[in-house]
1. Which net charge results when you count Lys and Arg as +1 and Asp and Glu as -1 among the other residues whose beta-carbon is under 12 Å from that of residue 23?
2. Between beta-carbons, use under 15 Å as the cut-off and find the net charge around residue 128, counting Lys and Arg +1, Asp and Glu -1.
3. Taking the mean number of other Cβ atoms within 10 Å as a proxy for protection, how do you rank 80-87, 20-27 from highest to lowest?
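What follows is calculated from the coordinates using simple rules that are stated; it is not laboratory data. Note that this is a predicted model, so its numbers are computed, not measured. Note: ideal-geometry Cβ built from the backbone for every residue, glycine included; neighbour counts use all protein chains shown.
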Amino acid sequence: SNFVVSGISTTASDNVAEYLVIGGGGGGGKFGTASGAVQGAGGGGAGGWRHFSSLDCTSPAKGPAGITLTATTFPITVGAGGAQSPTNSAAGSDGGNSIFSTITSAGGGGGGSMQNSPGGNGNNGGSGGGGGGRQGPAGQSAGGSGNTPPVSPSQGSDGGNGSARTAAPASNSGG
């Protein structure tokens, strides 16, 4: 899609646009069973959040400046949400990036599934996907890193870690 700008002011400071760009959310992992015990799956991470407003905003922190518009066409990409993993041996799909002018918000990381290697970890993204829960000696699975790729101010948070349990059921974690 495109955002078409026309009829703008000749004073550049009058042409500063406020923006909100959010990446697509990551898909969740898939739970399953192993040795008769239910194994958990991690939730997909939220898409990265980047914005600028002339208002006094709190967290998440606003960007340092708006975008100065000129009489032109600005391409816009809206990131799609990721799909849930079709199997319990792969993480969910990452969300798509959203883009407006020079601002890119990364898609969220896919959530870990119980048997994806290594150990059901969530994927990195705007916000990281949650780690899948596992029972037994496989151990705790890690959430994916947020703010990937890194921007300032941060566009997202790390995903939660899955928990390792010695008995059923294994726990899930959020993205």
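1. Values: positive: 50; negative: 94.
Combined, the nearby Lys, Arg, Asp and Glu give 0.
2. Numbers: positive: none; negative: 94, 158.
That sum, taken over residues with Cβ under 15 Å, equals -2.
3. Working: 80-87: 18.1, 20-27: 26.6.
So the peptides 80-87, 20-27, ranked by packing, come out 20-27, 80-87.
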